Structures are given as C-alpha cells and as structure tokens.
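Bear in mind that the values in this text are calculations on the coordinates, not laboratory data. Just so it is clear, the structure is predicted and the values come from calculations on it, not from any experiment. In this analysis, Cβ positions are derived from the backbone assuming ideal geometry, glycine residues included, and neighbour counts consider all displayed protein chains.
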Amino acid sequence: MNLPNVAPNWPAAIALLVLSLQFPAAHAGKTLDQIRQRGQLVCGVSTGVIGFSAADSQGRWNGLDVDVCRAIAAAVLNDANKVKYVPLNAQQRFTALQSGEVDLLSRNTTWTLTRDASLGLHFTAVTYYDGQGFLVPKKLKLGSARQLKNAEICVQSGTTTEKNLSDYFKAQGIKIKPVVFEKFEASIKAFFSGRCQAYTTDASALAFIRSKEAPKPDDYVVLPELISKEPLGPVVRRGDDEWFAIVKWVIFALIEAEEYGVTQANLEQMKAGSDPAIQRLLGSAEDSGKLLGLEREWAARAVKAVGNYGELFQRNVGSASPLKLPRGLNALWNKGGLMYAPPIR
Amino acid sequence: MSRIAASRDWLRRNLFSDVFSGLTSLVLVAGALYWLPGVIEWMLLQAVFAADASACQAVNHGGACWGVVAEKYRFILFGRYPHAEQWRPLLATGILLLTIVASGLRLLGRGGLLVAWTLALPLCFILMRGGCCGLSPVASDQWGGLPLTLLLATMGMLLAFPLALLVALGRLSDLPLLRGLCVLYVELVRGVPLISVLFLASFLFPIILPQGFSIDVLLRVQAGIVLFAAAYLSETIRGGLQAVPRGQHDAAAALGLGRWQSLRWIILPQALRAVIPSIMNSAVSVFKDTSLVTVVSLFDLTGALSLALAGDAEWRPYYLEGYLFIGLIYWIGCYAMSRFSQSLERGTGLGQPSA
Amino acid sequence: MQGRRRRELGIQALLAAALLAALWWLLDVTAGNMAERGIRSGFDFLRDPAGFAIGESLLPFDSADSTWWALAAGLANTLRVALPAILASTLLGTLIGLGRLSPNLLLRGLCAGYVETLRNIPLLLQLLAWYFVVTDLLPPASAALQLGPHVFLSKSGLALPWPGGDGGLLDLPLRGEFGIVGGAALTPEFLALLLGLSLYTAAYVAETVRGGIQSVPRGQSDAALALGMTRLQMFRLVLLPQALRSIIPPLTNQHLSLTKNASLAVAIGYPDLVSVANTTLNQTGRAAECIALIMAVYLMLSLLTAWLSAWLERRTGRWVERS
C-alpha cells in the first residue's frame, strides 16, 4: 500500500507549521506607545463591585477604580472615554496584567509584599485605604469580632481576606470555621440565607453589601474591628518604568489637585490664577508633562475629566453615593487622613 | 372479550402481575396521592405568576414565585447584553436554533446544510458582536445567557469534530510516534476534570502566549471546551472506525482504491453512521458542560441567573424557581437531542453496523 | 516496501522535530515572559505555611501547616465525598436500573422519569439547587431541628455523635452559642455535594445496569426458567454473572467521572482539592504550578481507577467462570 496524493502534502504542512511557529513574537513596545497607537487604554477592572468598578445595565462602567482609568486616559490620550474595560475575577487579574492583556489593573487590589515582589508587578499608589471587617446579623447581639468563637464565617476566595481572617483569629486564639466561596454572588447568597453567622470582606464592600444586598439593612451591623490593612491601588506590569511613573503621577496629581482646591468646575479659573504650585500642576507655568512623556496639560486634563480625588471619592463611594462611606483614612494628610502626594515639581 | 375484561387484563399484566408488583403499585399510588397535591399546590395553585415581589413575600414559599421569572427573564436569557439591543441575541438564538432543528429534521439537503451553516454562524456573530452593518459594537464580555450557552455548545461540537476525527485516525495510524501522541492527548484530557481545563484556558493561556498577543477570554474558554470535547469524541469515532469489518478495507483495496480514498468513501461513512447516537450523546454532554464556564466568570445561562438574582435582595429568596426555570431550558435541549438520537437508532438502523 | 518504511521514518522524524520545536518555542516564550516580568516559578511554595484556614477537613489542618498539607487535606476531602457518593450512586442506580426492567408499569415509568430528568440537567445546576434547598429551607443553627438524641439538622449541617473528643468515648453535639458545638458535623456543602453527585450519577449507573442486563440474550433467561430455576436463581446464577461482564467497565468509568465531577465543589464552597488549589493559586500567584498539581492528582486517580477496574474485571471473570 502506498500513500497516494496526500503524502506529498505532509512535508509541506510540516514546513508551514514550523514556519508559523517561527513567526516573530509580536514584541511589546513601550506601553505608552502601544496605547497611543491603538488610541485606547485597556484597563482591568472587577466583574462588579459597586462604588469601585461596576457596569450598569447599559454596560457603562463607573466607580472609583474606573475613574482612575478615565483620568489616565484623559492624561495620555486627551479623552477620558477612550478606555476599554476588561472585567476580571480575582484569579484572572494578575495573569491578565502579566500577559499584557491589560495595560493597567485598577481593581480594588491590595498591595502586599508577595504580590509586589513575586508576581512581576508594580503597585503604583494607593487610591483607597481599606480594612477588613465583619458584617453580622443584629439578632446575634455581637459587639466585637472576638465574640465569634466557633462561628461560621462566609468569605469569598481569591482575596487577601482568607489569610487575614485566619491570621487574626489565630492571634486571638479563637477557632472559627471559614466557608469559602468561589464567587461573590454565592458567598452573599449563603450569608443572607443564614448559612454563616458572619460575613467578612473589606469594610468598603461591607457598607455596600449591608445597604444594597441585605433584605433589611437594619437587621445587620458592621462590627467595629478592622482586622487588616488593605491599601488598594492600581497595578502595572514590571519592565516599563515610564508607564509606571505616568500611572503613579496621574494619581498624585488628582490628590494634589484636591489639596490645592482645584476642582472640575474651577479648573479654568485656577489655570489663570497666581499660585505657582497650581500653575505648575496645571501646566500653565512649566511643562511637567515633558518629563513623563506626556503633553503639557496632562494633569489639567485628568482633573477636567474626573475631578480631583475628593470629588472622585464623594461621587463614587462618599456622601454623594449610595455607599455613603466616611472619608476616614482617605482624607488628605492635612485633614487627618493618609492621602499624601509627593510634590509635583 | 369485553372492554372491561380487556382493561382488567391490562391492569393485571402491567400493575398486578405478581404479589410484589401489586404491592409496588399500591405503594406508588399511595405515594402519589400523598405527595402530588402538595406539589401541585406549590407549583400552580398557590403560586404567584405576576412580577410582584410583595405578593411573593405574602405566600412565603407556600407557593412558587414564578414572578421571579417574569421579572428577570431578560436578564436570565441575555445576561448583561445592553437592554435596547437585546433583539440581536434573540434573533441570533432563533437563527441558531432554527439551523440546528432544520439539520436535525433533515429539511435541507447536504448542500443546503452546508450553505445554511456557513451563513448562520457568521450571521450570529455579526448580530452579537455588531460593529458593522449599522449595529453598535457589543464587547464579548457583555454576552451572556442562552445565546452564549448555545454558541459555546454549537461551536464546541462543530470545532471538536474535525479535531476528534484527526485524533481518532491518528490513534489507528501505523506511525508509532503519531499514535503515541494521540493516545497521550486523549488520555491526558480524559483523566482530568473539565474545570481544570477551563482554569488552564482562563488563567494560563495568557502567559504561554507571546507578549502583545492577547486572545479574548471567551475564545480561550471556547478553545478549552473544544480540546476537552474532542478527546471524548475521538474515542467515540475510534470505536466506529474499529467496528467497520476488516473485509471492507480489503474489499476497498481489492477495488484499487488507495488508502485515503478507501477511508473517505468506504470506511468513514460506515464508521460515522454507526456512532451517530454516541456523537449525539457527546453533544448533550457538551451542552450540559457549558454550564461550567460560570466558574471562570462567563455569564452563560447558569451564570446569568446568579447575576440576575444575587444583586437583588428582593428576589434573592426565589433562586429555586430560577433554577427550575433554567433547568427546564437545559432539559428541553438535552431531552430533544437524546430523543432525536434514539429515533435515529430505531428508525433508520443507524447505530448498527450496516449490512 | 523499503521505500514506504523509509517514508514513514521520515514523516515521524519530521513530526518529532516539529513537536520538539513547538515545545521548545512554547517553553522559551513562557520562560521569557516570566523572566521579563519577574514572575517567580517553581514548587517551593508548597513548603511555605498555607496561611489560610480550611472550613472542614478530614486531616488535621491548621493555617500554619504547609501548603502541600493543605492540598493533601483538599484531596482527602475530595475522597471523603467521592467514596460515599460512589457507593450510594451504585446502590441507587442498580435499583433504578432494575426498576426500569420491572414488569410493573408504574415503577418502570417512575424509574424512566428519574433517569430522563436527572440526566438531562447539568450537574452544576443540580448542585446549586440542592445547596440552595439545604441552606435556605432548613432552620438556622440557633434553632436546629433535633432528629434524635444528639442529632441536629440545621443550615449549619448535620451534627452527629462521633467517637473520640476531649472527654469520654463519644463526642456529643450540644447546643452552643451560635448553634451546635462538638460531634461530627456534616456541613451543608458536603451534604449538597454528596446528594447531588449521588443522584446524578445514579441515573447513569441505572442506564449502565439496564444496558448490561439487556445485553444478555433473552434465550438465556428462558432456558434457565425452563430448567426449573426460580426467577431469583435465574437472576443470580445466569443473568447477573453475564451482565456484570458488560456492566463493570462502564461502571468504573461512571465512578471516575463522579470523582472528577466532585471538582464542582468549588461552586458551592466545599473545600475539595480544586477549591484548595484555587485558594493557593490566589495566595501565591503560581497559576501554572497549581493547575498542574490539580491535573497531576486527577490523572493519578484515573490511572489508579483504571488499574482497579482491570483487577476487578479479572476477579469477576474468575467468579463468573466458577459460578
């Protein structure tokens, strides 16, 4: 038997295969050039955390993390709407950033040593200081997390939360039983059906869960303890220092704008003002953009698009939002909080 | 024989053929009388059909709250697809279902089938994706619900088939290396759970790919489903190939047909004909397996349901009704496919090696 | 003939070359990607403390224990649910399969209805529904149903007396501050998974059993009855041995897929192997390593099952010959 008519195609097919394998890996240029070239910033966000990043029924994204993306798009592309949002779950987020699927991960992600040092990432700056707390039904009459002995606690996997939970109760010498769920929806459902005596996650999310997800918000209370530090902020890939600097400084510019009282509304007046620090920030005196590889008005554009940090906070999670979170640690440094931007000069 | 006698005879044969059978009948009838009224009460009599949350609260699970379906059906069926554009996934679903049913009932000839599929699939993608023909673009992360389930299952089967065929032929090849590779692939995939393949597709593919080269997560998951389904399908096809009597090969060779010619015209038609019912079973499995993509955050029918209900405290207590609703959708699909395969087996002598 | 041999060798050499090139390229790209982005790799994290707690575990586990021990606890949990489910589904499935062959129309219909319903709805959906039923319809732990002395059923699961414990012979569950304390607790996640897996797989087992029995030619049972055997004798001595031969291979396949399906535990919060590996993946960021571990363990389980099944086939083969 022989191999008629098909046999001669074998070597050709294999040659083709080998050729296609040697196709040069489309090598990443600098992130900034890529973004300019495609005219779009690709931003990794959560699959839905109200106040931080959530899509409405029309598919429009909003929230604090989303506004950070918009501010960066405004600074880089002069258009806050040129952003593509890629919703990522907790497991996908780091690989998506590592692989270059997204330029920036702005997805309430906690800054930790392991993540900063071993995942090939850089945390840029903190956009929200959070801490982990507990939500419990009022009828259990609990005043402190230390009373949760032998309690079952619902928690979503894929977060720093699980580790904090175990650390905290270990330090207290208290035994608890975590019930770990893969998905946020499932964990919420289980807690409100009474499967667990407590629910734990970042305090900002607890406020939202209590007000929006609870059948009757008044039946639930948030316990006073915060058991961890959760500094949340955008993350970039390693290996592109220029892009790292841009993301960092756009966030600092938003904070600095609040400090100097520059708002979305008074921006144009402020540009014409006489304060040299504001002049520098808004690009009317010297060109700070040049140093970052951006245009002169980069910071002004960012503020114009989303407002200063204070406005952004109030609109998404603060008093003007359904979450009504207090500024707390997220107030400016000179108002008792931790928000402090290095000087733009 | 009178009708009474005939029916008594029927009863005796079917319900009271011996003491054990008689007792079983009595127990089952008693059980039905005990349980059925409650079930009917819950499903129908006490049930709330209007999208009225307070009415549902009032019956307090004493009756089903079908209102949850009335309220959320668009979310459950189409996920996060923009509300105003939902006629597009509806149309796409319709086209896809119509093509599938028409192929099943053999309303089209072989040529018609090819034309229908080559038209239907791109049409569905254009409808879903938009970005041309005056349709606004809708990114794939907003796709969801029934169309996503159907697309994943249909494309999964269609793409897995040629791959499975190649692997099955490879397993029967004379080349030990090729054979070994195919065996390795099949056994590797069949040895691990689908969920790990989906994790691989979702988390790991991006790192394996060259930089600056990214593939949409939907496509990655689709690739995972194809690779998984192909391994099982190839075993089915191999079974068919091996069932073709040796004499057929020899006869084809005697007629002067080459190896590939005999494969194309003699062996494959018989082999595939013999395993059509098993292939249908694989299709049922793939259809059911698509529900797993919700674990990697795609909002197919199962995922869209939890998305629709988890975020709404008012309707969250009525998950069971939601599960029953989408369970019915899955059931109709699977049952139709399995009945179809049974009818093929019985009606046309498929499934038996042809004489 | 010589030419063909040479061509075959050539094709295989090319194939091997292509394969090696592809593998090399893949590894090169991946390693390059990881090096460039400073991503750590390797299995060293297995020796580090896990740092997270596991809700329920057959093996004694504490968050200070190493990660590999956490994964072992996950595997133990997988087996803890898979083995009872295999037993339950085989028993139930056999009964239903026999029921489908019953002369009684009602029983036949009921069993057929069971099979057609359970088989045609995705397992994940069934698990979610069972979990919802268990957690939503049962009373909260503070008002647990008492089913017997020291047996409690609630949203927190089923609590049973269990040997051992701090003091006496039996560790008895008692009402505590938040619910039931002590004894052996079967959590709702475990119960839902056990129930879902058993009922779903039973439908497939039933079909396997029915097919196996129907595969025995009708003449065999007629002949046995004609020889004066009772129906029971006919079944035990003639039908069953022959049917088992065609039942056992697909049955072990069903058991294997049940074990693989146990990985859906991740959706309802039962800490099986996949769930623990998934948590590890999140904590350490070692995606490739964690997924490879899951796959390797399941492959090993598959091989083990295949080996067991072959052994069982030999055993039944001998038993069939003897009877």
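Using unit Cβ charges (K, R positive; D, E negative) and no other charged atoms, how large, in debye to the nearest 20, is the dipole of region C:67-322 about its Cα centre?
Working: 17 positive and 12 negative charges, 199 e Å.
Result for region C:67-322 is approximately 960 debye, rounded to the nearest 20.
Past 32 Å, Cα to Cα, is the threshold; run A:Lys183/A:Lys229; A:Lys82/B:Lys288; A:Lys149/A:Lys229; A:Lys170/A:Lys248 against it and keep the listed order. Each step should come with its number before you reach the end.
Working: A:Lys183/A:Lys229 23 Å; A:Lys82/B:Lys288 38 Å; A:Lys149/A:Lys229 22 Å; A:Lys170/A:Lys248 36 Å.
Flagged as over cut-off: A:Lys82/B:Lys288; A:Lys170/A:Lys248.
Would you mind counting up the charge near A:Ser321? Only other residues with Cβ under 15 Å from its Cβ, with Lys and Arg at +1 and Asp and Glu at -1.
Details: positive: A:Arg210, A:Lys212, A:Arg315, A:Lys324, A:Arg327; negative: A:Asp56, A:Asp65, A:Asp67, A:Glu311.
Charge balance near A:Ser321 sits at +1.
Go through B:Ala313, A:Leu119, C:Thr259 and say which Cα lies farthest out towards the positive end of the charge dipole of the protein assembly as shown; charges sit on Cβ, +1 for Lys and Arg, -1 for Asp and Glu.
It is C:Thr259.
Residue-wise, which Karplus ³J(HN,Hα) couplings in Hz belong to region A:45-56, taking 6.51 cos²θ - 1.76 cosθ + 1.60, θ = phi - 60°, and x for glycine or proline?
Calculated HN-Hα couplings, in order: 10, 7, 7, x, 10, 4, x, 10, 7, 8, 9, 7 Hz.
To make sure I understand the rule: partners must be aspartates and glutamates, Cα under 12 Å from the Cα of A:Lys335, and not fewer than 8 residues away in the same chain. Which ones qualify?
Within the straight-line limit of under 12 Å, A:Lys335 reaches these aspartates and glutamates: A:Glu258, A:Glu259.
Which loop chymotrypsin sites (Phe, Trp or Tyr not before Pro) in region A:274-345, with loop taken from DSSP, have no more than 15 other Cβ atoms within 10 angstrom of their Cβ?
On the way: sites: A:Trp298, A:Tyr309, A:Phe313, A:Trp333, A:Tyr340; in loops: A:Tyr340.
Filter output for region A:274-345: A:Tyr340.
Can you list residues from other chains, or at least 5 along the same chain, whose modelled amide H is less than 5 Å from the amide H of A:Leu41?
The list, which skips near neighbours in sequence, is A:Val83, A:Lys84.
Which of the helices in chain C, when you take each full DSSP H run, stretch at least 18 Å along the axis at their Cα atoms and have an average Kyte-Doolittle score of -0.5 or higher? Walk me through the intermediate numbers first.
Details: long enough: C:2-36 (50 Å, 0.36); C:67-99 (47 Å, 1.32); C:105-119 (21 Å, 0.81); C:123-137 (20 Å, 1.73); C:188-214 (39 Å, 0.86); C:240-261 (30 Å, -0.16); C:287-322 (52 Å, 0.70).
Those that clear 18 Å and a mean of -0.5 are C:2-36, C:67-99, C:105-119, C:123-137, C:188-214, C:240-261, C:287-322.
Taking +1 at the Cβ of each Lys and Arg and -1 at the Cβ of each Asp and Glu, which of A:Leu338, A:Asn308, A:Ala186 sits farthest along the dipole of the protein assembly as shown towards its positive end, judged by Cα position relative to the Cα centre?
A:Ala186
Listing A:Ser274, C:Ser302 from the residue with the fewest other Cβ atoms within 10 Å to the one with the most, what is the order?
Working: A:Ser274 6, C:Ser302 19.
Ascending Cβ contact count within 10 Å gives the list A:Ser274, C:Ser302.
List the pairs from A:Lys189/B:Lys72; A:Lys138/A:Lys212; A:Lys138/C:Lys155; A:Lys138/A:Lys163; A:Lys84/A:Lys290; A:Lys141/A:Lys212 whose alpha-carbon separation is above 20 Å, in the order I gave them.
Numbers: A:Lys189/B:Lys72 17 Å; A:Lys138/A:Lys212 17 Å; A:Lys138/C:Lys155 18 Å; A:Lys138/A:Lys163 26 Å; A:Lys84/A:Lys290 26 Å; A:Lys141/A:Lys212 22 Å.
Going by Cα-Cα distance, A:Lys138/A:Lys163; A:Lys84/A:Lys290; A:Lys141/A:Lys212 fall outside the 20 Å limit.
Taking N as the number of residues in region C:67-322, what is its alpha-carbon radius of gyration divided by 2.2 N^0.38 Å?
On the way: Rg = 21.8 Å, N = 256, 2.2 N^0.38 = 18.1 Å.
After normalising by residue count via 2.2 N^0.38 Å, the value is 1.21.
If the convex hull of the alpha-carbon atoms of region A:132-228 is projected onto planes in all directions, what is the mean projected area in square nanometres? If you can, show how the numbers build up before the last one.
On the way: hull surface 21.1 nm².
If I average the Cα hull's projected area over directions, I get 5.3 nm².
Restricting to DSSP loop positions (anything but H, G, I, E, B) with no more than 15 other Cβ atoms inside 10 Å of their own Cβ, which trypsin sites (Lys or Arg not before Pro) remain in region A:59-123? Could the numbers behind the result be given before it?
Working: sites: A:Arg60, A:Arg70, A:Lys82, A:Lys84, A:Arg93, A:Arg107, A:Arg115; in loops: A:Arg60, A:Lys82, A:Arg107.
Within region A:59-123, the qualifying trypsin sites (Lys or Arg not before Pro) (loop, at most 15 other Cβ atoms within 10 Å) are A:Arg60.
Near the amide H of C:Ser156, under 5 Å away, which other amide H atoms are found, from residues 5 or more places off or on another chain, if H is placed in the peptide plane?
Close amide H contacts, sequence-distant or interchain: C:Ala141.
For region B:234-248, what does the Karplus curve 6.51 cos²θ - 1.76 cosθ + 1.60, with θ = phi - 60°, yield as ³J(HN,Hα) per residue in whole Hz, taken in order and with x for Gly and Pro?
5, 5, 4, 5, 4, x, x, 4, 6, 7, 6, x, 3, x, 4
Compute the Cα gyration tensor for region C:1-125, then decide on rounded, prolate or oblate, letting a ≥ b ≥ c be the square roots of its eigenvalues: rounded whenever a/c is under 1.5, prolate when a/b is larger than b/c in the other cases, and oblate in all that remain.
Working: a/c = 3.37, a/b = 1.30, b/c = 2.59.
Judged from the Cα gyration tensor, region C:1-125 comes out oblate (a/c at least 1.5, b/c at or above a/b).
Which value at 222 nm does the protein assembly as shown reach when only helices count, each DSSP H run of 4 or more adding -39,500 (n - 2.57), with the total divided by all residues and rounded to the nearest 500 deg cm²/dmol? Can you show the working numbers first?
On the way: 40 runs with 581 residues, N = 1023.
For the protein assembly as shown, the value works out to -18500 deg cm²/dmol.
Report the label-to-label distance for B:Ser136 and B:Val115 in nanometres (one decimal), using points 7 Å from each Cα along the Cα→Cβ vector.
Reported label-point gap for B:Ser136 and B:Val115 is 3.6 nm.
Run the paramagnetic zone check for B:Ile126: 7 angstrom along Cα to Cβ, then residues of region B:145-187 with backbone nitrogen under 16 Å.
It comes to no residues whatsoever.
What shape does chain B take by its C-alpha gyration tensor, where a ≥ b ≥ c are the square roots of the eigenvalues and a/c under 1.5 counts as rounded, a/b above b/c as prolate, and the rest as oblate? Don't skip to the end; give the middle numbers.
Numbers: a/c = 2.07, a/b = 1.16, b/c = 1.78.
Oblate, because a/c is 1.5 or more while a/b does not exceed b/c.
Long-range amide H contacts for C:Ser66: which residues qualify at under 5 Å (H placed 1.01 Å from N, peptide plane, sequence gap of 5 or more or a different chain)?
Distant-sequence amide H within range of C:Ser66: C:Ala50.
Of the DSSP beta bridges with both residues in the protein assembly as shown, give the percent that are antiparallel, rounding to the nearest 5. Display every interim value, and only then the final one.
Working: 33 of 50 bridges.
Once the DSSP bridges in the protein assembly as shown are tallied, antiparallel ones form about 65 percent.
Which value in Å does the Kirkwood hydrodynamic radius of chain A take, with 1/r averaged over all unlike C-alpha pairs and then inverted? Numbers along the way, then the final one.
On the way: mean 1/r = 0.0452 Å⁻¹.
After inverting the mean inverse Cα-Cα distance, the result is 22.1 Å.
Picking from B:Ile95, B:Leu127, B:Ala47, whose Cα lies most toward the positive end of the charge dipole for chain B (charges on Cβ: Lys, Arg +1; Asp, Glu -1)?
B:Ile95
Which of B:Ser262, A:Ser157, C:Ser154, A:Ser319 has the fewest other C-beta atoms within 10 Å, and how do the rest follow up to the most? Present the calculation step by step, with values, prior to reporting the outcome.
On the way: B:Ser262 20, A:Ser157 26, C:Ser154 23, A:Ser319 12.
Final ranking by Cβ density, sparse to dense: A:Ser319, B:Ser262, C:Ser154, A:Ser157.
Across the residues of C:124-134, average count of Cβ atoms on other protein chains within 10 Å?
On the way: counts 11, 12, 3, 0, 12, 7, 1, 6, 9, 3, 2.
That works out to 6 on average.
Compute the separation of the alpha-carbon centres of region C:252-271 and region C:187-251 and state it in Å as a whole number.
23 Å
Along region B:101-112, what does the Karplus equation 6.51 cos²θ - 1.76 cosθ + 1.60 (θ = phi - 60°) give for ³J(HN,Hα), rounded to whole Hz, x for Gly and Pro?
5, 4, 5, x, 7, 6, 7, 10, x, 4, x, x
To the nearest 20 Debye, how big is the dipole of region A:132-228 about its Cα centre, given +1 on the beta carbon of each Lys and Arg and -1 on that of each Asp and Glu? Show your work: numbers first, answer last.
On the way: 15 positive and 10 negative charges, 72 e Å.
With Lys and Arg at +1 and Asp and Glu at -1, about 340 debye.
Mind putting a number on the dipole of region C:246-323 about its Cα centre? Charges go on the C-beta only, +1 for Lys and Arg and -1 for Asp and Glu, and I need it in Debye to the nearest 20. Could you put the intermediate results ahead of the total?
Values: 6 positive and 4 negative charges, 53 e Å.
Magnitude of the dipole: close to 260 debye.
Count neighbours as other Cβ atoms within 10 Å of each site's Cβ, and list the trypsin sites (Lys or Arg not before Pro) in region B:1-106 that are DSSP loop with at most 12 such neighbours.
Details: sites: B:Arg3, B:Arg8, B:Arg12, B:Arg13, B:Lys72, B:Arg74, B:Arg80, B:Arg106; in loops: B:Arg80, B:Arg106.
The qualifying sites are B:Arg106.
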